[in-house]
Structure formats: C-alpha cells, structure tokens
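Q: Sharing a structure below in structure tokens format, with a few things to ask.
The values are calculated or read from the model by the stated rules, or taken from the named source; none is laboratory data. Remember, it's a predicted structure, so these values are computed and weren't measured experimentally. Cβ atoms come from the backbone with ideal geometry, glycine included; neighbour counts cover every protein chain shown. Remember, those area values only see protein heavy atoms, side chains included, never the ligands or the DNA or RNA. Shrake-Rupley method; radii C 1.70, N 1.55, O 1.52, S 1.80 Å.
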Amino acid sequence: MQADQAWDWEPGARTVLEDATACAAPHEWTEEPESSPDGERLAAVANLGDGRFTVCVNAEPWETDFEKAWYLRFSPDGRLSAVTMEDGMWTVSVDGESWEESFDFAWGTTFSADGGVIAACIQSDGRYGMVVDGAPWETLHDNANHFRIAADGAHTAAAVQVKSMGQADIETFQKGIFSVAVDGEPWDATFVNCFDPAIEVKTGRVAATIRRSLYDYSVAVDGKAWEAAYDCAWGPVFHPGNGQVLAPVRKKGLWGMAGDAGFVWNPAFVQCHHPQFSADGATLAAIVATSFGKFTVAVNAAPWSATFPVVTDLRVSPDGKTVAAQASTDNTAFRVLVNGSVWPGVYDMAYGPVICPTTGQVAIRVEKDGKKAFVLDGKAHPATFDRAYDPIFSPDGAKVLLRGISGKAYKRIVAPVSAFTG
Amino acid sequence: MTTTIADRRIEDAGLEAGIARLTPEKIQKTILAVLEGEGGARLKTYVETCVRCGMCAKACHYYMSHKDPSYAPVAKVRQTMWEILKHKGLVSPEFIHQCAQIAYTECNLCRRCMHYCPLGIDTAYIMSFVRRICHKLGVTPQYIQDTAHSHSATMNQMWVKDDEWIDTLKWQEDEARDEMPELRIPLEVEGADFMYSVIAPEPKFRTQLIYQAAFIFNQAGLNWTMPATPGWDNSNMAMFSGDMEIMGRVEMAHFEAAQRLRVKRIVMGECGHAFRAIYDVGNRWLGWGMHPVPVVHSIEFFWDLLNSGKIRMAKKYPGPVTIHDPCNVIRGRGLMDKLREVVHAICDGVVEMTPNREHNYCCCAGGGVINCGPPFKNVRIVGNSVKADQLKATGVKTCIAPCHNCHGGLEDIIHKYGLGIELKFLGDIIYECMEKKGAS
C-alpha cells in the first residue's frame, strides 16, 4: 500500500467512529468492517432485513441497496468496491455506483497496484473472463481460472479453456485444451494445463507455468514454450530490468530456479516457491526448504541459516536491501524474519510483514492472547486492538499509520517510529 | 478357487488407450526411472523382508469376499511389483494393464493388511508405487484420470467452476436463512478461528451437507469462514491416480487458502481420503514435515462441540444404529474412540460391527477405487460381500459413516445385497436432533 502525503500524518490517536457496527439505516446486522487505506473510513456490509443489503461507510449507508452485497474491498487509491447482485444479475459497485453492465456472476475483485484500475472475474451465459473498469473482455471462454491484473492495470490475463471437452474425455484433455488469454484473447498455443500467469508491466508480455503432457512442466511466454521440461514448476516471475522470465522448477526430486536457458539456481532445495524480485532485479528471493521440513528464505540462491517448519509471506523491498518473511510452527509461534535475522517476539498469529519503501524498516500486525498489535523492527506499539488492519508507513518513513477497532471504537493512530518501544 | 488377474480382465477406455501407446522398451525405461528416482529404502525393505507367510490374506476384504488366494495382499504384490523387479521393468503392455487393474481397482489402500503382517509391511505403499508407475506410463482408469484432470484444471475434483462454488454457498445461505434468519456462510473472513473445507461432491450433489454444517456452526456461535477461491476442496484424487505433482499443487492451494485467511486451523467435512492427503501425503510431498496449518476432522470437531456444550442434543436419534469406521481417519488418525463417543452422544442403541475400530473392513470405495467408475463397480461390490455380511449381522436399519467415499461404497453394497439400511453422516443426525434456538 503506497501512502499519500496528503493524508493526515499528524501524530496522535483519533477515534474515527465511536461504534464500528453502526449504520444509520435500520438493519439486522453488519458484517466484517474494512478500513480505508488512509484510515478515515470504515465500511461494512449491512443486512437491511427482507433479504436486502447495502454498504455503510462511517455508519452512512450507500443510497442503493441490493439483493446481495459482499467482498467489500478498498482499492489502493481509496475507492470502495463491493460485489453486488440485483434482479439476479451481478456486477461491481464502486463508491455506491454500480457498473452499467451486469453478469450472470461476478466475483474476485482485484486492483492495479495504485488502484487506478479495478477488475473482476465474470461469467455470462456460461462463458468466463474478466471485466475491467466495467468493460468485459470481448472474448469469453468455456472456463477460466488463475485471473490476474498487471501491476499497472494495463492488461489482464487468465488461464482459459479454449476447446470443448466431453464428459470424462481424457484423450481430448491430454491433447491440450487450455491456453492463456490476455485481455480476453488467447494465445495460439494450447497446453494440457496453464497455471499462474504473470504479466510484465509496460510490455504486457505474459508468462505462465504450463504442462505439455501429464509429466512435462515448463514455462511459456506469450505462447512460446521453453524447450526444457521439468518434473514440476510453480508460477514464473519477470526480471523487472531485462525482462528475463524465471520460475521455480523441480528436477529429480529437487527444486531450483530456471530461465529459458536452464537453471539459474541449482536444484538443491526440497522446495522452492514464491520468487520475488526487487525493483531493479538485482535481488531475487524465494521461500525454500533446505532439507525436509526445514524452510527459510534464499536470496540470490543463498539460503538464510535459520530454518523453520513453515515460512510464508515473503516480501522484498524495492531496492532489494530488505527481505522479510514470517515463520511458524504448527500455525502458531509466529516469528518475523528480516534479512536472515529473527525478531525475538513470538506471536499467536502474524499477518505478513510490511516494508517501508523509503527506509527499509519492517512493521507487522500480530496477534497475541487474542489482541491485535503492531510491531516495528521487533518493538511493539503500546496500543492493542480487537481487530486491526495492516500498518502503512508515511511517505518519509518517519511515521506509521495504525488502524484498528478497540471495543466498539474504530481508531486511527499516527505513530512516530519512536513510539514503538515495547 | 484361484483365479489370476488375466481371468478377470476388464475393459476400460483409459487402460486400453494407455497400453496401446506402450512398448516393452518404453515401459522398462519409465519403470527404471521411477525406481531409480523414487524407489528408495522403504520399497526395498518391504520387498526383501516379506516372508510370504500369507497372514495378510484374511485382512483383505477382497480375499474374504472371494476366498480366492490371488486377492491376498501378498498375491497382489507378487503379481505386480515382484514381477516388475524380477524382470527389471522389462514387461509387456498387457502386464501393465494387469498391474493397473490390480493396483487401482482391487486394492483400496486401506492399510488393514499392514496390521496383520508380522513384519509390518505396508502393502498399500507398494500398491501406491505401482499406481505411480502406471501413471507415469499413462495407464490409468478413465474416470479417476478424469478426476485428476479436474483437479489440475480447477483445483477441485468435480469440474466445479470458480463462480459455481461461490454461487452454491450463497444459495445455501439463502436456503438456510428461511430456517435461521441471521445465518451466514462467512466467506473470506480474515482471522476466523477456522476454515471449513469440503470435498467437491458437496457443492455438486450433496449441498444439504453444507447447509447442515453452516446451521450447526451458526447455532454454536462459531467464528468460521470458507474460502471463495480454489483451495476450498480438500479432496485429492491425484494422490490416488499416482500424479504426485498435481497432488502437491492441490494441497498447496488448500493450505495457502487457510494461510491467506489467517485461520487457526482447518476443519474438514466428513471425508476420509481427503484427511490422508492433507495430514499425511500431500503436505510431505511439498516438503512440510507436518501440515503447516492444523487439520481437524469433523469427528474430532463434533466431539469438541458436544463436550464443550456448544451444541446440545434436543433428542437422541432412535437406534439401533451401527458405526462404520473409515480407514483413513481410524487407521490413519486413531479417531475410533472419539467417533464412538460422538455416536453414543447423539444416538440410542449403538450396535457394533464385528470386527470394528482399526480392524474394521474397508467400504471398498476408498483409495480411489470408486472413482475408477462404472467399469469396476461390480468388482468393488462383489469384492466386499464380507462387508455386507458384517452390516447384516448387526440387524440395524441405520449405519453412520463419517466419510463420503464410504457412503458411496456402502450404498452400493446395501442396494446389491438388499440390506435395507439407511446411511447417515454425523452431521445429518446432529442437525436433525440438536437443540435449535431461534430457528423458525
């Protein structure tokens, strides 16, 4: 989430809404509230009774109500979206205004990185695709999965079924009936499966993991497959500088990282997934298992020494100088890992580290003894909440915006970095 | 009478097409690669320590139903893996057909025989290895292969499309609100106490189970969620077809859904094989020593709800009832005591089958056998007459089986042998007989 200088960054705590469940319209209940990025609004779906729903923002209902409303999400630029249904037809409503066109089903709202573009998955007359800012793909497909939007919002993509198949027709399936559609238009090539498309910003090139047969995994870029075949592969990433495509691949039981010319990380890991580049491409990190049950992070193929049963939520700062993740044991005893070091705190749950793009400091929302709290570089802020949202660094990195609900009150706190002392 | 697998050959589109593409040379090359890459000390130990005592025979429901020695677990190994090893993989396409038929359709991987082997040999592991070879050779029964294809394309086993899943939940929520107006099926709720996952036949055919679970959870005031993304289906037929790579991809989607939602644990519906995939097999293929998110089967979960008083029974379901022990959660997880405590808490007049608990006979549907489809339906029904006898001897009219595949297999047996027994899930009975405060 990119913070805006225009937000209120005056240090201090402010109660934005006395009652987070309030709604000025008569209602039966309100659902899980969502917080706007700037912390100034709290929104929740409200059941109005008689099978009608609306959205309340700071307790004020949208003018429109619906047969159904759910999947409330704030875009990074602060617009509020909901997936809504009226007269049995679905669409996306943004700040109370529904897109003109509606569909037999709509779901999975997603955003470009800056929030300027809003997209969703759609089904019309049994055909599948995406809708971007209200405009559906011109070409829809028998099925679609793995929906994606480019970080700049210029393109959308999905794995799509381009040939029909009869019931239990395993021969047709294995000849390849799947492709990747970019803005609705499928590649010429078909494969047995297509997984996890990635879109390169600006060029619009798309890469995806493919299966050419039941045994032959590889990567295709704009429909052209690598020659090399692997035993398995996870989703690819684009090098942000030179456009090279890399993907974690498995060969003879071990995982490494490969490009179109072969391995760039030797297959030395029991597992390797979720690769991520820094903005300049100089740093490539991934979650790896150095041996069975021992997970950590590898940066440019070098694994950190501390290993854990589980590692998730890998983050890389734009300059590549900060790499963070979280570790856990049996889904508890969460630890935070930064550049190979382990924070001393142990938490009941952690919600993914947030790296300040300016300073490289790391903040995270955690849970301990049923209370949500915020920790920065290992030190806790004294405030605790019953429900909380991810921390957001100010543009200069000197402050952190904390948002949460304590009791009934929804609060925003602008905390100087120095306020994290615990 | 002793038969051979050749005597009972069954035509199947997947098997026939598969062997048509093979030559002995291609078979050998593939088998040697699988043996070299994946056949480690465990396989070697099992093969070398078997003393051919035959004590496994009476453990197998196929043998007990046919009294034909060729169905004994050791005979299944003799007819497949021992021959493969003896000939260093240089075997005929027809032999591979036989291996596939034995491994996919005459062994439920139920692991009962392991309890009867004085050396603890896990024949199910060896049969799974044979399946892996058959998968690598492209010789798999048509219908289970189709199911594995569905997993690969949609991450669920029944070709349920992304929107159909959400739509079904919304529909069930609407239906249930007629009975409990404030009921919710919470989707994508971050930080809920647990993620509830089901197998794909629930949204496809048995939507009442989702309804019932939602009702029970709402009645108990629980903080739960379901994912609105692929990863909602906890089943895994790729594990049984031998496609370990798709198996891993399916488990990754399931666990990552739970991790994304930041739930404390996963509660699974009443399915057995799914538990095995998540708790034992898929997680480890992915490199995790244990599951990354704790997994709780419905048996344990209902036990907890009843014992904590979160749900109370308004009445007991009238007996007599009997209990079927699903292999994967009984032999695989040891839930036999909790299952009994739950059944006694919700039913009157429990009549035990004999043998039972970890010695109970398999339903003959599990291990992917029922997913091999119509060509092999008769095999599993006739091959489990011992189960029909076991059920009949109880004299009950209701059998509780907390597993989807068990329902499928037992239903066929009940029909074929005219047993007149009704099958129930635990959720069926709890929903029917629980206290319903505020329900209309």
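Q: Per residue of B:145-153, how many C-beta atoms from partner chains lie within 10 Å of its own C-beta, taken as a mean? Please report the intermediate quantities before stating the final value.
A: Details: counts 5, 6, 2, 3, 11, 2, 0, 7, 12.
Shielding by partners across B:145-153 averages 5.
Q: Further question on the same structure: For a distance above 35 Å, tell me the whole-number percent of Cα pairs in chain B that qualify.
A: Roughly 28 percent, rounded to a whole number.
Q: What are the extents of the Cα atoms of the protein assembly as shown along their three principal axes, listed from largest to smallest and rounded to whole Å?
A: 88, 67, 53
Q: Right, something else. Taking amide hydrogens as modeled 1.01 Å from N in the peptide plane, which residues meet the under 5 Å criterion relative to residue A:41, leaving out close sequence neighbours?
A: A:36
Q: A further question on this structure: By average Cβ neighbour count within 10 Å, what is the ranking of B:201-212, B:102-113 from highest down? Don't skip to the answer; put the middle values down first.
A: Numbers: B:201-212: 19.8, B:102-113: 25.7.
So the order, starting with the most tightly packed, is B:102-113, B:201-212.
Q: Still on this model: According to a simple spin-label model (label point 7 Å from Cα along Cα-to-Cβ), what is the distance in nm between residue B:223 and residue B:10?
A: 4.9
Q: I would also like to ask the following. Which value, in nm² and rounded to one decimal, describes the direction-averaged projected area of the C-alpha convex hull of segment B:55-203? Could you put the intermediate results ahead of the total?
A: Working: hull surface 54.1 nm².
For segment B:55-203, the mean projected area of the Cα convex hull comes to 13.5 nm².
Q: Give the lysines reachable from residue A:368 as a straight Cα distance under 18 Å; neighbours fewer than 8 places away on the same chain don't count.
A: Output for residue A:368: A:379, B:264.
Q: Take peptides A:162-169, B:400-407, A:92-99 and line them up by average Cβ neighbours within 10 Å, highest first, as a rough protection proxy.
A: B:400-407, A:92-99, A:162-169
Q: Sorted by accessible area with a 1.4 angstrom probe, largest first, how do B:136, B:29 fall?
A: Greatest to least solvent exposure: B:29, B:136.
Q: Through the Karplus equation 6.51 cos²θ - 1.76 cosθ + 1.60, θ set to phi - 60°, convert the phi angles of segment B:394-400 into ³J(HN,Hα) values in whole Hz; use x for Gly and Pro.
A: Karplus values, whole Hz, x for Gly and Pro: 6, x, 8, 10, 9, 10, 9.
Q: Follow-up question, since we're still on this one. Can you give the average number of partner chain beta-carbon atoms within 10 Å of each beta-carbon in peptide B:162-168, as a whole number? Write out the running numbers ahead of the final one.
A: On the way: counts 12, 14, 2, 1, 9, 5, 0.
Mean number of neighbouring Cβ atoms from other chains: 6.
Q: Picking from A:136, A:357, A:309, which is most flexible by a Gaussian network model of chain A using Cα springs under 10 Å?
A: A:309
Q: Follow-up. Apply the Karplus parameterisation 6.51 cos²θ - 1.76 cosθ + 1.60, with θ equal to phi minus 60°, to every residue of segment B:176-192 and state each ³J(HN,Hα) to the nearest whole Hz, in sequence, with x for glycine and proline.
A: Running phi through 6.51 cos²θ - 1.76 cosθ + 1.60 with θ = phi - 60° gives 5, 5, 5, 8, 10, x, 8, 5, 10, 10, x, 10, 6, 8, 5, x, 5 Hz.
Q: Within straight cross-link reach of residue B:310, meaning Cα distance under 12 Å, which aspartates and glutamates are found once same-chain residues fewer than 8 apart are removed?
A: B:435
Q: For segment B:312-433, what number of Lys pairs, 8 or more residues apart or on separate chains, have alpha-carbon atoms under 25 Å from each other?
A: Lysine pairs meeting the criterion: 24.
Q: Give me the angle, in degrees from 0 to 90, between the Cα long axis of helix B:24-38 and the longest principal axis of the Cα atoms of chain B, rounded to the nearest 10.
A: Approximately 50 degrees, to the nearest ten.
Q: Leaving out same-chain residues fewer than 8 places away, which aspartates and glutamates sit with a Cα under 16 Å from that of residue A:411?
A: A:8, A:10, A:18, A:19, A:32, A:34, A:38, A:40, A:386, A:390
Q: Would you mind computing Rg(Cα) / (2.2 N^0.38 Å) for chain A, counting N as its residues?
A: Values: Rg = 22.8 Å, N = 422, 2.2 N^0.38 = 21.9 Å.
Output field value: 1.04.
Q: How many Cβ atoms of partner chains, on average, are near each residue of A:304-312 if near means within 10 Å of its Cβ? If you can, show how the numbers build up before the last one.
A: Details: counts 0, 0, 0, 0, 0, 5, 9, 1, 5.
Neighbouring Cβ atoms belonging to other protein chains average 2 per residue here.
Q: Which three extents, in whole angstrom, do the alpha-carbon atoms of segment A:271-323 cover along their principal axes, largest first?
A: Projected onto the principal axes, the Cα atoms of segment A:271-323 cover 32, 18, 16 Å.
Q: In whole Å, how far is the Cα centre of segment B:220-261 from that of segment A:153-219?
A: Spelled out, the Cα-based centre of one part sits 22 Å from the other.
Q: Measuring from centroid to centroid over Cα atoms, what is the spacing of segment A:1-51 and segment A:350-369 in Å?
A: 22
Q: Ignoring everything except DSSP H segments at least 4 long, calculate the 222 nm mean residue ellipticity for chain A; use -39,500 (n - 2.57) per segment, divide by total residues, nearest 500.
A: Working: 1 runs with 6 residues, N = 422.
Result for chain A: -500 deg cm²/dmol, rounded to the nearest 500.
Q: For segment B:5-140, what number of Lys pairs, 8 or more residues apart or on separate chains, have alpha-carbon atoms under 21 Å from each other?
A: Lysine pairs meeting the criterion: 19.
Q: In whole Hz, what ³J(HN,Hα) sequence does segment B:331-340 give by Karplus (6.51, -1.76, 1.60; θ = phi - 60°), x for Gly and Pro?
A: 5, x, 9, x, 8, 5, 5, 5, 4, 5
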